[in-house]
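Comments concern the structure below.
The values are calculated or read from the model by the stated rules, or taken from the named source; none is laboratory data. These numbers were taken from a predicted model, which means no experiment stands behind them. Note that each Cβ is placed from the backbone with ideal geometry, even for glycine, and that neighbours are counted across all protein chains shown. Surface accessibility is based on the protein's heavy atoms, side chains included, excluding ligands, DNA and RNA. Shrake-Rupley method; radii C 1.70, N 1.55, O 1.52, S 1.80 Å.
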Number of protein chains: 4
Amino acid sequence: MSGSGVRPGRRRSEESRQAILGAAFDLLGEVGYARLTVEGIAARAGTGKQTVYRWWPGKADVLLEAVTAYAREHIPLPETADRAADLRTFLTATFAAATPRTSDALRALMAEAQIDPAFGERFRETLLRPRREALGAVVDRAREAGLLAPHLTTDTAVDLAFGALWYRLLATGRPLDDELAELLTRTLLR
Amino acid sequence: MSGSGVRPGRRRSEESRQAILGAAFDLLGEVGYARLTVEGIAARAGTGKQTVYRWWPGKADVLLEAVTAYAREHIPLPETADRAADLRTFLTATFAAATPRTSDALRALMAEAQIDPAFGERFRETLLRPRREALGAVVDRAREAGLLAPHLTTDTAVDLAFGALWYRLLATGRPLDDELAELLTRTLLR
Amino acid sequence: MSGSGVRPGRRRSEESRQAILGAAFDLLGEVGYARLTVEGIAARAGTGKQTVYRWWPGKADVLLEAVTAYAREHIPLPETADRAADLRTFLTATFAAATPRTSDALRALMAEAQIDPAFGERFRETLLRPRREALGAVVDRAREAGLLAPHLTTDTAVDLAFGALWYRLLATGRPLDDELAELLTRTLLR
Amino acid sequence: MSGSGVRPGRRRSEESRQAILGAAFDLLGEVGYARLTVEGIAARAGTGKQTVYRWWPGKADVLLEAVTAYAREHIPLPETADRAADLRTFLTATFAAATPRTSDALRALMAEAQIDPAFGERFRETLLRPRREALGAVVDRAREAGLLAPHLTTDTAVDLAFGALWYRLLATGRPLDDELAELLTRTLLR
DNA sequence: CGTTAATCGAGACGGTACGTCTCGTCTTCAT
DNA sequence: ATGAAGACGAGACGTACCGTCTCGATTAACG
């Protein structure tokens, strides 16, 4: 009821929040994740370190927030009559979101997730799981139309698609292009 | 050519080398990669820090040496008449090598490769590329027998297989079991 | 002269003032001056930090106000016919005021006066000078009666008495007892 | 026996030690004790912070070492046939050691001793007690010659002398000159 | 009786220094 | 020359307080 969520005290500064997210993303591009520091982020953002630590556990979570916001905005969930095309469209949009800058961030986040298990949990819940569920929905609609390769479960199909995505991102540097999207579509649906 | 390669002074201690590789591997399991330090490794191995730095650039390279030795020993390259079975066998053996302990090491190495580009280069050359070539050889033999799915290149087939492997290792924790090996075999060959 | 000092708006809360003085004094005893913080005082007093900073420059001035009030109340200025006894009485009363708790506060204030010159000025004006003047008056009355040791000026006599007081307080911890009062009286008057 | 105290490893850098002592003393004069920081000392000395913390608990102990070395060198213990003159000489030399720069350090040390009880203990043992013992020896020799005022114990005489010294240093700023030395001599000996 | 102004508790803000940790290097004595 | 030991310069960590700045809520004098 009235005033239940109203707390006393100064409000969180949206300006600082944006400045920190932007500074983290910019610095990642400039110096790389290894030399990205909370001190550097705060200095670039023109805030105190405590303002970073008050709202995020560390530099990885700042990047995570920046990236998830980007993903939410730029990757639509297609839903047309052509369910095969939907899958191709989804993968193409996903790959297109992996610009050089966001790729750097994604690689850093996946790395940090391996190193800090607690962050790993947040990373999976905040970024990986929503993406899996989105692709899973597209795959399920394909299955309902009888288009999915018969020996594949939804989860395994998703593993194959995101596996290829992340493996190229992390290990080989081969491009995430329309050719890969087309190939995955054919492999999963056939 | 006098004394070709023979230098004066104390020889490198094989004992220390083994102690350092073992200490790194043990400590990784005990405290995790984030709290694994060169100082800790040296202390556990009963050596000085300098002895680690003299032979390896850092903690990641110590682990890399430990893991590559393991991989070389435990994953044979099958070559029988049944080329479909060869692929399944290779994948099964590869997955079997990912024990909990080696999985921890692999995840740490892939993480470090993202964070330190120079190490990333060594990691790809030392561990990833030989594995890709091994699998590529098996896939090529399958293609020669007309078994490979027609829209797949060798590289892409390898991407799909190792993509699924690494994605489960890094992101979902789903098992690297015979079911996955079977499923990949069917997906790639059909 | 319209309204001279009368202003609109909420009045200063006497309740908060007392709570802050009390909290500062209590916390000094509990955690010591080093870990006495304005935040802690405000929290203990149940006020906001700003309410402290609105009325005092810092934690030292809060303690100073608490101590000066105490000194004003508890150390009378004796004025009898026996001017030697007056000196002894003044010193005894002064020493008696140095309870363990007020001693802690006095030591902290003298320390802060060394570290923060601006506070030092306030400390000398507010607490030290009035005390010097009170003792100086007693000494002067003794001099008029021809009781003061001939080579002593009033200021120097005061230096000797308060010097002994503060030195024991700050440096040795030896007691401020009647024996010291008696001895100082004899030394100064002879 | 042999080599019992010989340890392996790099020796402590005497150069760094001197640089740190000097930097602390210089910075105290330049910015005052409140704005003297361990970080600043290390930066000025051209060392890492850890090199300060490895050998001293904090900035106060660095100053303490600088000051005690100074006192040991500059205040001789006079021992002539004229025991009254010896006392006057000792006090004069003591006062002369209180240059503006060392006075700043002494006031800071006495302040810190009030604020940090553990440092207070070290301060008393390292600086105050040796000084008390030195003056006590001079006073004792005067007493043996029947020169000491009869109602004074050695300890109390020392309290009076050092009390006047510290009180002027900390509270009034009145000079530590030959006049005070003469006056104290007369007061104590009579 | 509403307007205006000052204070209140609360708490976020930009800063700064803390004391710790680890890095990779350098120096020492012993092998 | 290499080994273990350990001090060194460097610099980021995450925390604690500083003193300032909003907030919405009270509380008084004034119009």
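So that you can scan it fast, the table gives a plain yes or no per residue for (1) buried (at least 20 other Cβ atoms within 10 Å of the Cβ); (2) touching a residue at least 24 places away in the same chain (Cβ under 8 Å); (3) under 27 Å from B:GLY29 (Cβ atoms); (4) within 12 Å of another protein chain (Cβ to nearest Cβ):
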| residue | (1), (2), (3), (4) |
| --- | --- |
| B:LEU106 | yes, yes, yes, yes |
| B:LEU109 | yes, yes, yes, yes |
| B:GLU112 | yes, yes, yes, yes |
| B:ARG122 | no, yes, yes, no |
| B:ALA134 | no, yes, yes, no |
| B:GLY146 | no, no, no, no |
| B:HIS151 | no, no, no, yes |
| B:LEU184 | yes, yes, no, yes |
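So which residues in segment A:41-93 are within 14 Å of DNA strand F (Cβ to nearest atom), open to solvent by 20 Å² or more (accessible area, probe 1.4 Å), of a type outside the set (S, T, N, Q) and within 14 Å of another protein chain (Cβ to nearest Cβ)? A:PRO57, A:LYS59, listed by residue number. Please work out if A:ALA34 is away from every other protein chain (no Cβ under 14 Å), more than 20 Å from A:ARG122 (Cβ to Cβ), more than 8 Å from DNA strand F (Cβ to nearest atom) and hydrophobic (A, V, I, L, M, F, W, C). Considered against the rule, which asks whether it is away from every other protein chain (no Cβ under 14 Å), more than 20 Å from A:ARG122 (Cβ to Cβ), more than 8 Å from DNA strand F (Cβ to nearest atom) and hydrophobic (A, V, I, L, M, F, W, C), A:ALA34 comes out as no. Cβ-Cβ distances below 6 Å connect the following pairs, each with a first residue in segment A:153-176 that is over 21 Å from B:LEU127 (Cβ atoms), a second residue that is among the hydroxyl-bearing types (Ser, Thr, Tyr), and a separation of six or more residues or different chains: A:ASP159/B:TYR167; A:PHE162/B:TYR167. Looking only at residues of segment D:153-182 that are open to solvent by less than 20 Å² (accessible area, probe 1.4 Å) and hydroxyl-bearing (Ser, Thr, Tyr), we find that the one that is farthest from the other protein chains (Cβ to nearest Cβ) is D:THR156. Every listed requirement among (1) touching a residue at least 40 places away in the same chain (Cβ under 8 Å); (2) open to solvent by 70 Å² or more (accessible area, probe 1.4 Å); (3) within 14 Å of chain C (Cβ to nearest Cβ); (4) within 14 Å of DNA strand E (Cβ to nearest atom) is met by D:ARG12 save one, (3). Residues in segment D:69-128 that are of a type in the set (D, E, K, R) and part of a loop (DSSP other than H, G, I, E, B): D:GLU79, D:ASP82, D:ASP116.
Taking the numbered list (1) within 13 Å of DNA strand E (Cβ to nearest atom); (2) closer than 29 Å to A:GLU112 by Cα; (3) open to solvent by 30 Å² or more (accessible area, probe 1.4 Å) in turn, B:LEU36 passes all entries but (3).
Residues are listed down the side, and each one gets a yes or a no for (1) assigned to a helix (DSSP H, G or I); (2) modelled with pLDDT under 95:
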position: A:ALA134; (1), (2): yes, yes
position: A:LEU147; (1), (2): no, no
position: A:THR156; (1), (2): yes, no
position: A:PHE162; (1), (2): yes, no
position: A:LEU165; (1), (2): yes, no
position: A:LEU170; (1), (2): yes, no
position: A:ALA181; (1), (2): yes, no
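Just one of the listed residues (A:ALA71, A:ALA105, A:ALA97, A:ALA113) is within 10 Å of the chain's Cα centre (by Cα), at pLDDT 95 or above and closer than 17 Å to A:TRP166 by Cβ, namely A:ALA105. Among the candidates D:LEU28, D:LEU21, D:LEU87, D:LEU91, single out the residue that is more than 13 Å from DNA strand E (Cβ to nearest atom), at pLDDT 95 or above and more than 24 Å from D:ALA134 (Cα to Cα). Checking each option against the conditions leaves just D:LEU21.
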